[in-house]
Amino acid sequence: MSIPPFTSPVSLDLTGRAALVTGAGSGIGRACALRLAAAGAHVHILDRDAESARSTAKECDGTAHVVDLADSDALEQALTRGDIVPDIVVNNAGVQVVAPIPEFDPDDFRRIMAVMVEAPFRILRRALPHMYANAWGRVVNISSVHGVRASPFKSAYVAAKHALEGLSKVTALEGAPHGVTSNCVDPAYVRTPLMENQISDQAALHGLSPDAVVRDVMLERTAIKRLIEPAEVAEFALFLCTDAASFISGASLPMDGAWTAR
Ligand SMILES: NC(=O)c1ccc[n+]([C@@H]2O[C@H](COP(=O)([O-])OP(=O)(O)OC[C@H]3O[C@@H](n4cnc5c(N)ncnc54)[C@H](O)[C@@H]3O)[C@@H](O)[C@H]2O)c1
């Protein structure tokens, strides 16, 4: 199938498309699921937390799948059952553990790599053939400013996000002849439960108050001194899923308030 040429105006309507959003029970994933559904897509909500997965699915008339992405057998079973056949994949699920390398538990390191690198690979391995057959597909990887920059005490997270950036670029190269784009969205700190947990971890680590952690640690490197809202990330993800973004691929797209401009 040949790739159709760009025509204007473009449609932002995703009616008829199926999307898979991982970690869609909370935070950025939930916001992406709701926004893609509002644009017309049927959304498969995958999360290890049954209650929040079902709650998001109910909110957007989607389908909940309760799967722990660290369990590769369970993930493969979910992907081969046949009911998840996405045109759009949003690899979003992620976890954070904050500790210096000598104290970092190797089991935590392995689990983080499984959830944030191996699971996206397994999902793409199953989803790309369907996208190729339709000559259309969109992969949005919710990476982080930590996909292109490092911070101390986040060895597994930074390593996993850098690996996700590499996976996204290879997906972009392999998918290009088939109408599939793949990009990373790289936010700085977003107001979500994952971030709220980090505030308490960092407060303990640095001996600071929670307010001081936000002001002096989290917003220290951004030029724009505020947290990002999950809905802002979702709008960006939606744009990348439309035909307006058909030439944007293989990119690491900062949403970092000019952190990486320095
Ligand atoms: N919040 C931030 O400041 C920020 C900044 C940059 C990037 N990110 C990235 O955005 C993504 C979403 O983060 P968030 O802040 O919305 O987090 P969150 O904790 O609010 O939500 C993460 C969701 O992923 C699910 N999840 C976690 N591990 C899972 C697993 N093993 N299997 C299935 N589901 C699992 C959780 O149950 C939860 O519903 C992550 O990849 C994170 O690294 C977050």
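Before moving on, here are some points about what is shown:
- Cβ pairs under 7 Å, 6+ apart, first in the range 23-40 and of a type in the set (Val, Ile, Thr), second within 8 Å of the ligand (Cβ to nearest atom) and assigned to a loop (DSSP other than H, G, I, E, B): ILE28/ASN92; ILE28/THR192
- Helices (runs of 4 or more DSSP H) contained in the range 112-226 and holding at least 2 residues among the hydrophobic types (A, V, I, L, M, F, W, C) and surrounded by 20 or more Cβ atoms within 10 Å (Cβ to Cβ): 119-134, 155-175
- Filtering SER209, SER249, SER200 for residues that are at pLDDT below 95 and more than 14 Å from the ligand (Cβ to nearest atom) leaves a single hit, SER209.
- Test: residue in the range 146-165 that is closer than 24 Å to SER249 by Cβ, within 13 Å of the ligand (Cβ to nearest atom) and among the polar types (S, T, N, Q): no
- Pick from the range 51-64, criterion in contact with an Asp or Glu (Cβ under 8 Å, 6 or more places away or on another chain) and near the ligand (Cβ under 10 Å from one of its atoms), ranking: farthest from LEU14 (Cα to Cα): ALA53
- Within the range 40-67, tally of residues that are in a loop (DSSP other than H, G, I, E, B), surrounded by fewer than 17 Cβ atoms within 10 Å (Cβ to Cβ) and in contact with a helix residue (DSSP H, G or I) (Cβ under 8 Å, 6 or more places away or on another chain): 1
- Condition check for VAL214: closer than 20 Å to ALA19 by Cβ and either in the same structural domain as LYS169 (by TED's automatic domain parsing) or not charged (D, E, K, R) (or both): no
- Looking only at residues in the range 1-50 that are of a type in the set (Lys, Arg) and within 16 Å of the ligand (Cβ to nearest atom), the one that is nearest to ALA237 (Cα to Cα) is ARG35.
The values are calculated or read from the model by the stated rules, or taken from the named source; none is laboratory data. These figures come from a predicted structure and were not determined experimentally. Reconstructed Cβ throughout: ideal geometry from the backbone, glycine too, with neighbour counts over all protein chains shown.
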